[in-house]
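The values are calculated or read from the model by the stated rules, or taken from the named source; none is laboratory data. Fair warning: this is a prediction, and the values are worked out from it, not measured in the lab. All Cβ positions, even for glycine, are placed from backbone atoms using ideal geometry, and neighbour counts span all protein chains on display. The protein model used for the area step is the full one, side chains on, heavy atoms only, and it has no ligands, DNA or RNA in it. Shrake-Rupley method; radii C 1.70, N 1.55, O 1.52, S 1.80 Å.
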Amino acid sequence: MNNIKITLEDLFNLPGAIIYNPDNYKPVSSVSIDSRNIPSNAIFIAIKGKKFNGHMFINDVVKKGAKAIIIDKSKLNKTKGIRIPIITVPDTTIALGNIACLWRKKLNTKIIAITGSAGKTSTKEILVQLLEEKFIVNKTLGNNNNHIGVPLTILNTNKKHDVLVAELGTNHFGEISYSANIIQPDYALITNISDSHLEFLGDRNGVLKENGL
């Protein structure tokens with residue numbers, strides 16, 4: 001059972017956060033950015049991407065039972081009549097990372113981070129198969145290895161997990177550092193350095209610099 005909770009104090013510690021209806025807040029045990037899937041006792045974070053905007057579904061997630069919502073401060077005018085706690089922040093994607101950092105600090109799970117130009121997924125799967133002989137293991141699902149996927153992987157890990165094997169991907173400078181600061185790995189592995197994402201990283205030296213964790 002997952003007994004990790006996001007408390008009101010945690011939310012007050014989010015940089016730039018303003019909390020509305022705080023007296024209605026009860027600690028939550030899950031976080032979602034998918035308006036189609038709102039687990040029980042969940043907080044919804046409205047993420048804006050290139051092809052989607054979670055702020056369009058605020059009323060839907062409230063009807064589905066979200067216990068609180070985190071939104072961009074510029075969207076507060078879209079929440080009239082909503083009585084559950086509303087947390088406004090300067091950037092909801094950054095807030096997702098900040099909440100994942102809080103979650104990480106409450107875990108006793110050992111975390112192995114894998115990065116590199118190629119072979120991350122196969123290396124992850126080999127490690128998981130070996131570790132599952134003795135431990136309860138969680139892992140990165142699909143391609144959730146970017147600035148959104150890494151926080152979601154952390155938030156999908158709970159105190160029953162002995163080990164998390166996570167992939168960290170990149171195609172721009174600073175992404176590995178950002179993800180590593182969130183995931184705070186106990187062990188880190190670089191599979192290899194090759195000519196990948198050179199349109200943004202320049203050359204192999206750039207790839208090596210970016211993947212240096």
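Looking across region 30-59, just one residue is within 26 Å of Thr157 (Cα to Cα), assigned to a helix (DSSP H, G or I) and open to solvent by 30 Å² or more (accessible area, probe 1.4 Å), and that is Phe57.
Among residues of region 109-123 being at pLDDT 95 or above and not aliphatic (A, V, I, L, M), the one that is most open to solvent (accessible area, probe 1.4 Å) is Lys110. Taken over region 14-24, the criterion of being in a loop (DSSP other than H, G, I, E, B) and over 17 Å from the mean Cα position of the chain (by Cα) is satisfied by Gly16, Ala17, Asn21.
Quick one: would you say Arg83 is out of contact with any helix residue (DSSP H, G or I) (no Cβ under 6 Å at 6 or more places or on another chain), among the basic types (Lys, Arg), open to solvent by 10 Å² or more (accessible area, probe 1.4 Å) and closer than 27 Å to His161 by Cα? Spelling it out, it is not the case that Arg83 is out of contact with any helix residue (DSSP H, G or I) (no Cβ under 6 Å at 6 or more places or on another chain), among the basic types (Lys, Arg), open to solvent by 10 Å² or more (accessible area, probe 1.4 Å) and closer than 27 Å to His161 by Cα.
Apart from one condition, Ser196 fits all of (1) at pLDDT 70 or above; (2) of a type in the set (Gly, Ala, Ser); (3) open to solvent by less than 40 Å² (accessible area, probe 1.4 Å); the exception is (1). Residue count for region 1-24 under the criterion of being buried (at least 17 other Cβ atoms within 10 Å of the Cβ) and charged (D, E, K, R): the result is 1. For region 60-80, a residue qualifies if it is buried (at least 16 other Cβ atoms within 10 Å of the Cβ) and aliphatic (A, V, I, L, M), and the qualifying residues are Val61, Val62, Ala66, Ala68, Ile69, Ile70, Ile71. For the residues Leu152, Leu102, Leu127, the requirement of being open to solvent by 20 Å² or more (accessible area, probe 1.4 Å), under 17 Å from Tyr187 (Cα atoms) and either modelled with pLDDT of 95 or more or not in a loop (DSSP other than H, G, I, E, B) (or both) singles out Leu127. Kindly establish whether Pro27 is over 16 Å from the mean Cα position of the chain (by Cα) and open to solvent by less than 20 Å² (accessible area, probe 1.4 Å). No; evaluated as a whole, the condition is false for this residue.
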